[in-house]
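What follows is one structure encoded as structure tokens, with my remarks underneath.
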Amino acid sequence: MSQLVIASVEAIPIRSEPSRPRRSALGQSMGFDYGLVLVRTACGIEGLGEISMLWDGMGGRACYEVNHILAPTILGLSAFDIPRALARMEEVIRFSRGSNTAKAAIEMALWDIQGKHLDTPVFNLLGGRMRDSVPLSISIYMDDPEAMAESAAAMVAKGFRTIKIKVGQGRDRDRAALAAIRAAIGDDIAIRVDANMAWRSPAVAAASIRALEEFGIHSVEQPMAPERLADMALLRSQVSTPIMLDESIWSPEDAALALRAGAADILNVYVSESGGIYNAATIFRMARAFGTDATIGSMPELGIGTAAQIHLGLSVQDFNCPGDVCGALYHARDIIRETIPVRNGHVHALTGPGLGVTLDPDALRDMRRDASE
């Protein structure tokens, strides 16, 4: 595989605008500072990766880390040496939110190169397909109850069978929103709720969840701060609704802590937060060993990152909870030529070689930002 020697790595800062307003307990998202990663081999194969990180506008910093810290450690390796590349990157940057998504972008580009070289989709490199599509949820962001209900009904009309509601506006306002949404979409559509760490104690979280349970909620995502695993385990014993952890799960090590603590019924796993497909797949296997469900969360990704999620979702053994594998829908414009195949509440396989997507040079020109911006 000498022809697949990594010859260059380049990260380019980009900025994307949301397709619709995004307000949650974390605040208002005005735009996304992300990054495009291009990994090229000595024989000229180019792999695509994406830095997708909503937290604190870290895209520019992550691009710097790719170009100046991470890239030198993997030059000369084969694109097939993903575990070795991850180990080398871990040696120079142990852990940070931004660095995990930088590592993930490089890693997904290596998978893309492998698939292009072998003329096969990435899901085949991950062991093959367990399913042909992945069930989806779609987020409804904070607004007045009537507007949220209208948005939810519009998503159901497009074929979505699971709606994820952002909560944390206060117990009465959350109840009003859920009541309006359930009335608008009927009883056959699943409702997830996402608190984004809004509640400050198990008692407050339990009371807030009980106030919503009459609306038949599927699960509650990240009710409290990430480190409060013991409190999350206590909360599980106090409510009947399954508890999903999201911001608590940044790595296989985080997953181990949460699983040992009995803090979750469902793990929400991110390719970007985990540091790549390899680590994300490891978390899925860990969850299965503990008898815990797992699904895939979204930053939200553009098309390249979404493609990486799709291949993971198609290949893992269990996928029992609708996931957020449709991040590209939350952006006004994508950076790829293809349209992510979302139909009837599912995202379907990308069957081209590698990640199955190609870069749109016009979009890159318009979305590109100087490193100094």
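What the table shows:
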{"quantity": "Filtered GluC sites (Glu not before Pro), region 226-300: DSSP coil and at most 13 other beta carbons within 10 Å", "calculated": "Glu227"}
{"quantity": "Mean separation of Cα contacts under 8 Å (6+ apart) over length of the chain, as relative contact order %", "calculated": "20 percent"}
{"quantity": "Whole-number D in µm²/s for region 256-373 (Stokes-Einstein; Kirkwood sum over Cα pairs; 20 °C, 1.002 mPa s)", "calculated": "140 µm²/s"}
{"quantity": "Virtual spin-label span in nm between Arg200 and Leu257, 7 Å along Cα→Cβ", "calculated": "2.3 nm"}
{"quantity": "Region 122-198, dipole about Cα centre (Lys/Arg Cβ +1, Asp/Glu Cβ -1), debye to the nearest 20", "calculated": "340 debye"}
{"quantity": "Sparse-neighbourhood loop sites, trypsin sites (Lys or Arg not before Pro) in region 73-139 - DSSP loop, at most 11 other Cβ within 10 angstrom", "calculated": "Arg94"}
{"quantity": "Stretch gain in nm, segment Arg84-Arg20, where the contour uses 0.36 nm per residue and the Cα spacing is subtracted", "calculated": "19.0 nm"}
{"quantity": "Average accessible surface area per residue within the chain, 1.4 Å rolling probe, Å²", "calculated": "38 Å²"}
{"quantity": "Stokes-Einstein diffusion coefficient of region 95-214, Kirkwood radius over Cα pairs, 10 °C, 1.306 mPa s, in µm²/s", "calculated": "92 µm²/s"}
{"quantity": "Amide hydrogen neighbours beyond the local backbone of Ile165, cut-off 5 Å, H modeled", "calculated": "Ile140, Arg192, Val193, Asp194"}
{"quantity": "Shape metrics for the chain, restricted to C-alpha atoms - Rg then Dmax, Å", "calculated": "19.9, 63"}
{"quantity": "If the convex hull is drawn through the Cα atoms of region 203-323, its volume per residue in Å³", "calculated": "100 Å³"}
{"quantity": "Lysines whose Cα lies under 28 Å from that of Lys103, excluding same-chain neighbours fewer than 8 positions away", "calculated": "Lys116"}
{"quantity": "Equivalent ellipsoid semi-axes, region 72-148, via Cα gyration tensor eigenvalues times 5, rooted, Å", "calculated": "32, 22, 9"}
{"quantity": "Selection from Ala42, Gly186, Ile69 lying farthest towards where the dipole of the chain points positive, charges on Cβ", "calculated": "Gly186"}
{"quantity": "Simple Cβ-charge dipole of the chain, Lys/Arg +1 and Asp/Glu -1, about Cα centre, in debye nearest 20", "calculated": "280 debye"}
{"quantity": "Length released on extending from His348 to Glu46, taking residue separation times 0.36 nm less the Cα-Cα span", "calculated": "106.3 nm"}
{"quantity": "Protein accessible area in the chain, 1.4 Å probe - carbon and sulfur %", "calculated": "48 percent"}
{"quantity": "Hz values of 3J(HN,Hα) by residue in region 342-351 - Karplus curve (6.51, -1.76, 1.60), Gly and Pro given as x", "calculated": "9, 8, 6, x, 10, 9, 9, 5, 9, 9"}
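The values are calculated or read from the model by the stated rules, or taken from the named source; none is laboratory data. Please read all numbers here as calculations on a predicted model, not as lab measurements. Here the Cβ is made from the backbone with ideal geometry for all residues, glycine too, and neighbour counts use every protein chain on show. All accessible areas refer to the heavy atoms of the entire protein, side chains included, with ligands and DNA or RNA removed. Shrake-Rupley method; radii C 1.70, N 1.55, O 1.52, S 1.80 Å.
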